[in-house]
Amino acid sequence: MCKQRKGHDFEKVYLHFTPRDARNFKPKQVFDNKWIIMKNSGKRGDAHCYDVSDKKGKEFGKLYVEVSEEGVGNIVNQIEFAHKQFSLGNSHRFPSILDVGIINNHIYYMVLLNRPGPTMSALFEMSMNFSPITVAFIAFDLISVAELLTSSGYVLRYFDPKQWKFDVKSRTFFLADLTDVIVISDKRYRLFSESLFGSGDNGDLQWNNFNDVTYAPIAFHSDGINHRMSEFDMLESLLYVIYKLARGNLPWQHLTNEQKIMEMKVTFMNCPPEMDRIESDEELWLDTAFRNITEYMKLARKTQEKLEKLPVRDGAWCPNGARAGALLSTIKYCEILDDFHRVVISGRPVWSVYWRDVKLDWDREISQTQKALDLLRKVEKREISWEVIRETARLAGIREHYTIMQEHDDAETRLNSTLIQKYLQGTHDEQGDVKVASEEVNNVKKRKRRTKKQIEEDKRRQQNLKLEDVNDEVKVEIEEEEEKEEEKGKF
C-alpha cells in the first residue's frame, strides 16, 4: 500500500498479487515467504495446484490456491474436513494439513502433505482385469474411505484414480486429493431452514464430470443438473469402479445414448450379471459380494424411506438433532467389508495371516545383491537395537514407578497396623493418631534422606578409593625412581 495513505486499513494486505497471479506462479518462486514453488500441477476444481517444499527442503506438499470473493470456496470445506479427520484419528486415509491461510480477504490457500506412493491410475495402467484378491483389497479400502466420509457428513462427488494413492509402507489406499470432497446434501444432514428455503443448495454438490458418465449414479441421469450427490450415489459409483476392475469393462462402457445407459444401470443394480466362468473360491466369494452390496443398498433405501417419514424435530429423522444424522447410516458397511475381507484372506482364519501383506498383482520379487542384503540386515539390526533401548528405558521407568508405590504401600501398612493395635488396646485418640501419622511420614522422609546420603557417601568413597589407588601408584613410582637414583649415586 502507499505510504502516504492515511486512515485505518480494515483489510490486512501483506501479499501484493492479484487473482490472476494465483495461476501463474513460476518454479523457484517463494509463496507467502514459506513455500518454494517446484511445479505447476494444473487446476483441481476451482483451485490452482502446485507442488511445493519448505525452505529447508524437509517437508513436501501440495499447494491449493482458490479465489473466492464471497468466502464460500470449496477449500474452506476441505480444511474443515481435514481437521476433523485428523482429530478423529483417520489421517491415514486422508492427507494432513501443513499450512492454511487467507490473503487479501478473498484468496484462500492450503498446503497438504504430499505422501509418497504410486497413484491408483498408475497401477491401473498395468491392467484393468485384476485377480479377485487384488480387487477385494482395493474395494475394502475404497468402501472404508466412503464410510469415513459419510460418517463425517461428507461425500465424494466423483471418482478419479489420480486422486487416490497407495502407501507402500502401510500397504493402504488413501484419498490424496480432497478436491471432490463436498458436504453431503441428503435431507438427514441438513437443517430445516436449508431444506425449506434452499439456502443449502450449491451447484458443486452434483456429479463432477458431465462428459464422463461411466461411473455416474442413476440419480444423475434422471435429475441432470439438479442432481445432488448422496451416500447411496457415492456407493453406487464405487460399485461400478470395483466391478470394472474385476471384469475388465462395464456393460454400458461403449454406449453413447444416456437413456440406454440409465436403463442398463437400473438393471445392473437390481441384479448384477453373473460371471461367465467361476474357477476358484475367491471368484465365487467376489461374485457373492457384488450381489450382497446391491441387496444391502435396497434394504437401506427402504429403511431410510421409513425413517424419513417419522415426525421428529427439525425435519430430520435423527432424534439427536439436525446434523447428528451424519453419524448414522442405514447401509451395513461392516457386512460389506467382511465380504471383501474374506476374499483377500482366501477363507483362511484371521489370526493365521496378516492380510495387508498378501501378494497383489503389481507386486514383484526382485533379486537382490549380497551388498543390498547386508545393508538391509544392518538396518534391521539397528531398528532392533533401538527397540531394545526404548524397551529398556520403559521397563526402567516402570520399575522405578512401582518401587515408589511399594514404599508408599509399606508406609501406609505400618501406619494402619499401629493404629489398629492402639484401637484394640483401647488407647485410640484422634489427636494421637494424627501425631502418629505425622511421625510416620517424618520417619519415611528421614529414611529417604538416609538412603540418599548413603548413596552419595558410597559414590564419594568410590571416588576416594580411586584417588587413593592412583596416589598409591604414583607414590610407588616415585619411590622406585628415588631408589634407582640412590643406587646410581652409590656407583
* Asked: Checking residue 169 against (1) farther than 17 Å from residue 78 by Cβ; (2) of a type in the set (Lys, Arg); (3) in a helix (DSSP H, G or I), which test does it fail?
  -> (3)
* Asked: Within region 113-154, how many residues are within 15 Å of residue 177 (Cα to Cα) and assigned to a loop (DSSP other than H, G, I, E, B)?
  -> 5
* Structure fact -> When region 79-119 is checked residue by residue, the ones that are under 17 Å from residue 147 (Cα atoms) and either touching a Pro at 6+ places or on another chain (Cβ under 8 Å) or among the polar types (S, T, N, Q) (or both) are 82, 85, 87, 90, 91
* So, of the residues in region 105-127 that are closer than 20 Å to residue 74 by Cα and touching a helix residue (DSSP H, G or I) at 6+ places or on another chain (Cβ under 9 Å), which turns out to be surrounded by the fewest Cβ atoms within 10 Å (Cβ to Cβ)? -> 106
* Of the residues in region 218-258, how many are in a loop (DSSP other than H, G, I, E, B) and in contact (Cβ under 8 Å) with a residue 24 or more places away in the chain? -> 8
* Asked: Out of curiosity, is residue 252 buried (at least 17 other Cβ atoms within 10 Å of the Cβ) and closer than 25 Å to residue 346 by Cα?
  -> no
* Could you grab me the full set of residues in region 270-289 that are without any contact (Cβ under 8 Å) to a residue 40 or more places away in the chain and either among the charged types (D, E, K, R) or over 20 Å from residue 358 (Cβ atoms) (or both)? => 270, 271, 272, 273, 274, 275, 276, 277, 278, 279, 287
* Looking at 39, 34, which is the one that is surrounded by fewer than 16 Cβ atoms within 10 Å (Cβ to Cβ) and either polar (S, T, N, Q) or free of Cβ contacts under 8 Å to residues at least 24 places away in the same chain (or both)? -> 39
* Asked: Would a scan of region 130-153 turn up a residue that is in the same structural domain as residue 286 (by TED's automatic domain parsing), within 20 Å of the chain's Cα centre (by Cα) and farther than 17 Å from residue 337 by Cα?
  -> yes
* **Verdict on residue 294 being outside any helix (DSSP H, G or I), modelled with pLDDT of 80 or more and either under 27 Å from residue 222 (Cα atoms) or assigned by TED's automatic domain parsing to the domain that holds residue 168 (or both)** => no
* Hits in region 305-364 (condition: modelled with pLDDT under 70, among the hydrophobic types (A, V, I, L, M, F, W, C) and assigned to a helix (DSSP H, G or I)) -> 324, 326, 327
* To do: Filter region 161-170 down to residues that are at pLDDT below 90 and within 17 Å of residue 126 (Cβ to Cβ) and give me whichever is surrounded by the fewest Cβ atoms within 10 Å (Cβ to Cβ).
  => 168
* Picking from 181, 213, which residue would you name as being at pLDDT below 80 and either loosely packed, with under 13 Cβ neighbours inside 10 Å or not assigned by TED's automatic domain parsing to the domain that holds residue 94 (or both)? -> 213
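The values are calculated or read from the model by the stated rules, or taken from the named source; none is laboratory data. Keep in mind the model is a prediction, meaning the values are calculated, not measured. Heads up, the Cβs are rebuilt from the backbone with ideal geometry, glycines too, and the neighbour counts pull from every protein chain shown.
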